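Everything below concerns the one structure shown next.
The values are calculated or read from the model by the stated rules, or taken from the named source; none is laboratory data. This is a predicted model, so every value here is computed, not measured. Because the Cβ atoms are built from the backbone with ideal geometry, glycine has one as well, and the counts that use them run over all protein chains shown.
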Amino acid sequence: MAVRIRSLITSGPVLVPLSTGATVRLSPGQVTDDLPDVEVANNAKVEKLRRQGLIGVETVVQPGAEPAADRGDLPAEPADQPEDAPGEPDAE
């Protein structure tokens with residue numbers, strides 16, 4: 001899975017230390033290219049910058065990736081609910 005980091009500050013750069021030891025410098029409003037999610041996972045400094053409102057981290061949806069319900073991992077509708085539940089009026 002990939003993530004992007006966005007600078008939320010309005011003036012000056014922000015330095016974001018990544019888990020691999022690299023650092024990303026972002027100008028106000030700048031967004032990184034796609035990064036592996038391990039760069040921000042369990043990273044206390046990234047979490048601190050997020051809590052302070054200096055950066056935002058968003059998950060990137062890969063092209064061609066299907067939502068979980070479409071892959072069959074999760075049922076599209078609850079299995080315990082029949083289509084016509086008793087006691088409910090028909091919408092005619």
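Looking at segment 54-65, can you tell me whether even one residue there is more than 15 Å from the chain's Cα centre (by Cα), at pLDDT 95 or above and not hydroxyl-bearing (Ser, Thr, Tyr)? Yes, that holds for at least one residue. Contact map, segment 11-22: first residue under 15 Å from Gln52 (Cα atoms), second residue of a type in the set (Gly, Ala, Ser), Cβ cut-off under 8 Å, separation 6 or more or different chains; pairs are Pro13/Ser7; Pro13/Ser27; Val14/Ser7. Restricting attention to segment 16-31 and to residues that are surrounded by 11 or more Cβ atoms within 10 Å (Cβ to Cβ) and touching a Ser or Thr at 6+ places or on another chain (Cβ under 9 Å), the residue that is nearest to Val60 (Cα to Cα) turns out to be Val31.
Within segment 32-49, the set of residues being surrounded by fewer than 12 Cβ atoms within 10 Å (Cβ to Cβ) and among the polar types (S, T, N, Q) comprises just one member, Asn42.
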